[in-house]
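Peer 1: To start, I am sharing the structure in question, which I have written as structure tokens.
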Amino acid sequence: MKVSALIPFAVVILTNVFCAQDNYKCGTEVTYSSKKEYLDFINIIKSNKAISFDSLVPVKFHFISYSDSSETMDSTIAFNTLQNVIPYFLNAGIVLKHCGNIDYIYSDQFANFRQNYDETICDQKDFLNVLNIYFSPGLYRETTVTGVVSELCGYAYQNSRRDRIFIRNSCCEKSTFAHELGHYFSLFHTHETIFGLEYVNGSNCENRGDLLCGTPADPNIYNFVNPNNCQYGGQQLDPLGYYYSPDERNIMSYSHQHCRDRFSTDQILQMKNFFNYNSKNLHCIIDTDVSLLTNNLDFILFPNPVQSNIGFASNLPNETVFDLSIIDVFGKIILKKEIKNFSYVDINSLSIGTYFFQIKYNQQVVTKKFIKA
Ligand SMILES: [Zn+2]
């Protein structure tokens, strides 16, 4: 057998071992008790006007595995998947970027993770002010009343309650990853019914279903999409007697993982509005804790060297506004603007080299060196 004939076979094997097309369900659910809270939240972000520049969303991987480190998520696959989902969110002004090192958690107790443990373990393990993404070999939900255990592919916290999503290792392909990120950025399933049933004719689309009119009414297409051509083959009727025509490619649907490859325009707008509302809390501090800084005005820059966006965090309150000058090695001011604490500065326009990041606040001036790589 020629070597070239072996290559596709090897690819298939790898795909099956590390990233199977598991069709377990998603564990992100809106409960009746939180329904009003969600509606109010969506109304706030709908009325929150979107800003136009891109914002970095720092994410932090946590890999849970057995105590002998078996079944640890493959970091190359996780980073590749992250890279592959980035384009889905660019139109929403969201740029995902990993922050610092991977956090490894070796625990026989948690390797087959129960969603029920989530707050016990992850509240301790979360890094503050980044989106924490956990991977585990197994992922389950145990219903407290009946004890029934169901397998999950992933789940997310919505509504800014926690900055956390969970993904089963074998569900690491990009549409599940993007699906859970979509939830985190405020999107509901296209078949969501907690707000009431959306009609096919669009007459109640603003406040039923997923609260968006740009995604057609969806009867939950979990068992009704042909995996070969990704076409919906169901014959369900809505309460007015119309046949559903759902979007089998929508990432927030329960179509097959390989069929889902797009968000609708208004899903993108909602994520953009959501992120504008929420982004003030997210920043990535890698090496130094701001609390270690001196009492006088002091700050850290991260990462350094930096390629495109440099993070800034000072020891003054979050809402403080500073005058920033970026100065080159000849003393020439290259960029001058106001910046807020815990923010990023786009330095894409700078040439590679050494610069000074000079901050002024109430007569105090502090300058630090950074390298544009
Ligand atoms: Zn979901």
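Peer 1: Using only C-alpha atoms and all pairs of different ones, pull out the Kirkwood radius for region 153-219 in Å with one decimal. Present the calculation step by step, with values, prior to reporting the outcome.
Peer 2: Working: mean 1/r = 0.0785 Å⁻¹.
The Cα-based Kirkwood calculation yields 12.7 Å.
Peer 1: Distances over 23 Å make up what percent of all Cα-Cα pairs in region 290-372?
Peer 2: Details: 470 of 3403 pairs.
Here the tail beyond 23 Å accounts for 14 percent of pairs.
Peer 1: For region 174-244, with only Lys/Arg (+1) and Asp/Glu (-1) charged at the beta-carbon, what is the dipole magnitude about the Cα centre, in debye rounded to 20? Don't skip to the answer; put the middle values down first.
Peer 2: Values: 2 positive and 7 negative charges, 32 e Å.
Approximately 160 debye in magnitude.
Peer 1: Please give, to one decimal in nm, the separation of the simple spin-label points placed at ASN207 and ASN116, each 7 Å out from Cα toward the Cβ.
Peer 2: With each label placed 7 Å out from Cα toward Cβ, I get 3.8 nm.
Peer 1: Another question, then. Once the Cβ-Cβ distance between ASN228 and ALA373 is put in as r, and R0 is 41 Å, what FRET efficiency do you end up with, to the nearest 0.05? Intermediate results must be reported in sequence, preceding the final value.
Peer 2: Values: r = 46 Å, r/R0 = 1.13.
About 0.35, to the nearest 0.05.
Peer 1: Now for a separate question. Which value, in debye to the nearest 20, gives the size of the charge dipole of region 86-200 about its Cα centre, when Lys and Arg are +1 and Asp and Glu are -1 at the Cβ?
Peer 2: The dipole of region 86-200 has a size of about 180 debye.
Peer 1: Please sort 133-141, 232-240, 102-110 by packing, taking for each peptide the average over its residues of neighbouring beta carbons within 10 angstrom, highest first.
Peer 2: Numbers: 133-141: 22.8, 232-240: 12.9, 102-110: 15.0.
Going from most to least packed, we get 133-141, 102-110, 232-240.
Peer 1: Take the solvent-accessible surface of the protein heavy atoms, probe 1.4 Å, and return the percent of it on region 290-372 that carbon and sulfur atoms account for.
Peer 2: Details: 2300 of 4640 Å².
Of the solvent-accessible surface of region 290-372, carbon and sulfur hold 49 percent.
Peer 1: Given the -39500 (n - 2.57) contribution per DSSP H run of 4+ residues, what per-residue ellipticity at 222 nm results for the chain, rounded to the nearest 500 deg cm²/dmol?
Peer 2: Details: 7 runs with 82 residues, N = 373.
That comes out to -7000 deg cm²/dmol.
Peer 1: Right, something else. Relative contact order of region 290-372, please, whole-number percent, based on alpha carbon pairs below 8 angstrom and at least 6 residues apart. Don't skip to the end; give the middle numbers.
Peer 2: Details: 176 pairs, mean separation 25.1, N = 83.
Relative contact order for region 290-372 comes out at 30 percent.
Peer 1: Please build a GNM for the chain, connecting alpha carbons under 10 Å apart, and tell me which residue among LYS272, LYS332, LYS25 fluctuates the most.
Peer 2: Taking springs between Cα atoms under 10 Å, the residue moving most is LYS332.
Peer 1: Counting pairs of alpha carbon atoms under 8 Å apart in space and at least six apart in sequence, what relative contact order in percent does the chain give? Can you show the working numbers first?
Peer 2: On the way: 730 pairs, mean separation 51.6, N = 373.
Rounded, it is 14 percent for the chain.
Peer 1: Return the percentage of antiparallel bridges among DSSP beta bridges fully within region 290-372, rounded to the nearest 5 %.
Peer 2: Working: 30 of 31 bridges.
The answer is about 95 percent antiparallel.
Peer 1: Still on this structure, I have one more. Among 244-253, 215-224, how do they line up by average Cβ neighbours within 10 Å per residue, starting with the highest? Write down the numbers at each step before the final one.
Peer 2: Numbers: 244-253: 22.3, 215-224: 19.7.
Ranking the peptides 244-253, 215-224 by packing returns 244-253, 215-224.
Peer 1: Among THR31, PHE299, HIS258, flag the residue with its Cα farthest along the positive direction of the charge dipole of the chain, charges on Cβ as +1 for Lys/Arg and -1 for Asp/Glu.
Peer 2: So the residue furthest toward the plus end is PHE299.
Peer 1: Can you work out D for the chain in µm² s⁻¹ from Stokes-Einstein, where Rh is the Kirkwood radius over C-alpha pairs, the temperature is 25 °C and the viscosity is 0.890 mPa s? Don't skip to the answer; put the middle values down first.
Peer 2: Details: Rh = 22.7 Å.
The Stokes-Einstein estimate is 108 µm²/s.
Peer 1: Here's a follow-up. In nm, what is the difference between 0.36 nm times the number of residues separating TYR24 and THR76 and their Cα-Cα distance? Show your work: numbers first, answer last.
Peer 2: Details: separation 52, 0.36 × 52 = 18.72 nm, distance 2.31 nm.
Gain on extension, TYR24 to THR76, equals 16.4 nm.
Peer 1: If each of GLN83 and ASP123 carries a label point 7 Å out from its Cα toward its Cβ, how far apart are those two points in nm?
Peer 2: With each label placed 7 Å out from Cα toward Cβ, I get 3.8 nm.
Peer 1: Order 308-316, 38-46, 363-371 from most to least packed using the mean count of other Cβ atoms within 10 Å.
Peer 2: Values: 308-316: 19.9, 38-46: 16.6, 363-371: 12.9.
In descending order of packing, they fall as 308-316, 38-46, 363-371.
Peer 1: Determine the alpha carbon to alpha carbon distance for each of LYS332/LYS372; LYS340/LYS360; LYS36/LYS60 and list only those over 20 Å. Each step should come with its number before you reach the end.
Peer 2: Details: LYS332/LYS372 16 Å; LYS340/LYS360 12 Å; LYS36/LYS60 30 Å.
From LYS332/LYS372; LYS340/LYS360; LYS36/LYS60, over 20 Å: LYS36/LYS60.
Peer 1: Could you do me a favour and compute the accessible area per residue for region 290-372, 1.4 Å probe, result in Å²?
Peer 2: Working: 4640 Å² over 83 residues.
That works out to 56 Å² per residue.
Peer 1: Another question, then. Placing +1 at every Lys and Arg Cβ and -1 at every Asp and Glu Cβ, with all other atoms neutral, what dipole size does the chain have around its Cα centre, in debye to the nearest 20?
Peer 2: Numbers: 30 positive and 37 negative charges, 213 e Å.
It works out to roughly 1020 debye.
Peer 1: Report, in listed order, any pair from LYS337/LYS368; LYS25/LYS46; LYS97/LYS336; LYS336/LYS369 with a Cα-Cα distance greater than 23 Å.
Peer 2: Values: LYS337/LYS368 16 Å; LYS25/LYS46 28 Å; LYS97/LYS336 25 Å; LYS336/LYS369 16 Å.
Over 23 Å Cα-Cα: LYS25/LYS46; LYS97/LYS336.
The values are calculated or read from the model by the stated rules, or taken from the named source; none is laboratory data. Note that the structure is a prediction, hence the values are computed from the model and not measured. All Cβ positions, glycine included, derive from the backbone under ideal geometry; neighbour counts span all protein chains shown. To get the accessible areas, we keep the full protein, side chains included, count just its heavy atoms, and leave off ligands, DNA and RNA. Shrake-Rupley method; radii C 1.70, N 1.55, O 1.52, S 1.80 Å.
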